[in-house]
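Worksheet: one structure, shown below.
The values are calculated or read from the model by the stated rules, or taken from the named source; none is laboratory data. Here the structure is a predicted model, which is why all the values come from computation and not from measurement. Cβ atoms come from the backbone with ideal geometry, glycine included; neighbour counts cover every protein chain shown. Ligands, DNA and RNA are excluded from the accessible area calculation, which covers all protein heavy atoms including side chains. Shrake-Rupley method; radii C 1.70, N 1.55, O 1.52, S 1.80 Å.
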Amino acid sequence: MVWSCFWGKQRGPQVTARVYRDLLRRWLLPVLEDVRAALGNPLFQQDNARIHTAKLMLSFFERYAIPLESHPAYSPDLNPIEHAWTLLKRQLRADYPDLINYPGGPRR
């Protein structure tokens, strides 16, 4: 499973479940211990991206007893910007009809 991002005309790095696990191991676990000491066991929230639901990740959360918050895919509750995507997509389709909805990306 791979996760990536983009901004403008640039792509971000691709991240595998293994890299995501290693990032959480390095950065989340120390913070999690502090949170647990102060507040108890919090729920960890993420969306249903494949990298988040990979068996490797589910076993990571189970190993460290990190409870996961259940969220449906594309949940607007997960990220407030989700409410704006419909309006943004509608405007992009109106402004750039030749670039939107092409399976291979922008037409040249």
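Could you run through the range 64-76 and say how many residues are surrounded by fewer than 12 Cβ atoms within 10 Å (Cβ to Cβ) and modelled with pLDDT under 80?
4
Before we move on, is Ser4 at pLDDT below 80, open to solvent by less than 100 Å² (accessible area, probe 1.4 Å) and polar (S, T, N, Q)?
yes
Which one of the conditions (1) farther than 23 Å from Arg18 by Cα; (2) under 16 Å from the mean Cα position of the chain (by Cα); (3) modelled with pLDDT of 75 or more does Asn79 fail to meet, given that it meets all the rest?
Every listed condition holds for Asn79 apart from (3).
Can you tell me how many residues in the range 11-28 are part of a helix (DSSP H, G or I) and not hydrophobic (A, V, I, L, M, F, W, C)?
Adding up the residues that qualify gives 6.
I'd like to verify a number: residues in the range 37-53 that are open to solvent by less than 60 Å² (accessible area, probe 1.4 Å) and over 10 Å from Arg21 (Cα atoms), how many?
6
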